[in-house]
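In what follows, a single structure is set out as structure tokens and then discussed.
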Amino acid sequence: MKTRHISVVAKKEFRGLYSEKTILLAVLLQIFIALFSSFLMVGLTSMYDPASLSGYSHFRYTIAYAGNKSPLLGYLENSQDLRVRQIDLSTAVELLKERRISAVVYAPVTLPDAQDPVKITLYTLANDLQGAVVDVRLKNIFLQYEQDLRTVRANRLNVTPVPVQIPASAGNGDFFGFVYGLLVPLLVFLPGILSSALVIDLITEEFQHETLETLISTPVTFAEMVWGKIVTCTVLVPLQAGAWILLLTANRIVIDNPIFILVQVTLTSLLLILIGTMCALYYRERTAAQFVFSTALVVILLLVLAIPFNPLNLVARLAVGTAGIEQWIVLGGVCLAVLMLGYFLQKYAEKIGGIRE
């Protein structure tokens with residue numbers, strides 16, 4: 001197997017990809033999304049944790065207060081995040097349905113020192129992002145009012161409560177975990193999955209268009225043709241993943257160890273590309289090969305995620321700068337798997353090439 005022949009095939013495939021509008025549009029779409037990764041981050045974070053949107057919104061929402069006047073009304077009026085309108089309950093609910101206000105708070109006649117519990121009723125819009133933001137802002141006020149009620153009714157306690165010291169939250173825990181635990185690994189491994197599907201198309205189209213005989217009639221062997229396509233798809237991975245890292249960094253998301261991340265992502269993606277190549281060589285038909293590969297990919301992901309030290313976890317730890325010696329263990333394991341699968345792929349390609357010749 002000659003390196004020069006592989007490079008010739010790779011250059012041919014790159015020229016083909018350059019003229020292939022679908023592939024170019026897919027790459028440009030990824031870059032376009034990456035340019036707006038801040039908006040992507042906010043949108044996905046809202047799906048992961050809707051309450052986190054309160055940190056992005058600086059708008060003062062208008063709410064209605066109905067019922068008995070209580071200290072709760074004072075807390076609401078003093079809030080910098082809310083505007084309070086005192087109106088009757090039926091009118092307030094109608095305004096909420098028309099989306100002219102964001103929430104309705106109803107306070108009963110029950111006094112703070114009464115025997116009955118104080119039941120505050122909150123009306124919001126279901127399945128609404130604005131409602132989620134208002135809920136978070138009202139929650140802190142309700143907790144403050146609850147503490148006042150506990151103080152007023154403290155003489156009713158007949159036992160001494162046990163104080164529980166809960167460490168203060170560091171803040172932005174959900175945001176940190178989402179960005180580095182999910183968003184970064186997802187984005188950098190996405191090019192590898194796309195390249196794995198791409199190599200199947202590049203190989204199966206040779207069978208379907210019956211162009212293999214033309215390639216084999218040249219000095220390039222069948223195995224060299226296959227490896228040329230693998231090289232083409234592999235080179236695309238660090239280019240796209242590197243673009244993701246640069247654009248995330250431009251959006252003020254700090255990524256540590258970018259070189260190690262690219263090495264890990266490239267080798268892991270090469271393993272997926274080799275699996276896709278095996279599927280393409282065995283089935284030689286795009287639909288069947290893509291279906292089998294997609295099914296195998298789901299199974300592989302489930303098995304890999306069950307292992308504590310897996311490439312996805314390692315990329316997350318590399319991004320935050322906490323990876324230790326396990327990064328070399330995982331990297332060595334991936335390299336070993338690539339070498340073994342590459343060896344079997346070479347033998348299988350030589351076997352197919354011998355039949356074709």
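With a 1.4 Å probe and all protein chains kept in place, how much accessible area does S90 have, in Å² rounded to the nearest 10?
80 Å²
Rank E205, E224 by accessible area, highest first, at a 1.4 Å probe radius? Walk me through the numbers before you get to the answer.
Values: E205 70, E224 5 Å².
Sorted by accessible area, descending: E205, E224.
Count charges around P71 for me, please; just the other residues with Cβ under 12 Å from its Cβ, Lys/Arg as +1, Asp/Glu as -1.
Around P71, the charge tally is -3.
With all protein chains present and a 1.4 Å probe, how do M340, M225, M278 order by accessible area, largest first?
Heavy-atom accessible area, descending, gives M340, M278, M225.
Between region 268-334 and region 63-85, how far is it from one alpha carbon centroid to the other, in angstrom?
If we compute the Cα centre of each part, the gap is 54 Å.
Report the net charge of residues surrounding N310, where surrounding means a beta-carbon distance below 13 angstrom and charges are Lys +1, Arg +1, Asp -1, Glu -1. Could the numbers behind the result be given before it?
Working: positive: R317; negative: E326.
Neighbourhood net charge equals 0.
Rank F59, F207, F260 by accessible area, highest first, at a 1.4 Å probe radius? It would help to have the intermediate numbers written out before the result.
Numbers: F59 120, F207 30, F260 90 Å².
Listed by decreasing accessible area, they come as F59, F260, F207.
The values are calculated or read from the model by the stated rules, or taken from the named source; none is laboratory data. Treat the numbers as computed from the prediction; the structure is a model and nothing was measured. Note that we place each Cβ from the backbone using ideal geometry, even for glycine, and neighbour counts take in every protein chain shown. The accessibility values were calculated without ligands, DNA or RNA, using every heavy atom of the protein model including side chains. Shrake-Rupley method; radii C 1.70, N 1.55, O 1.52, S 1.80 Å.
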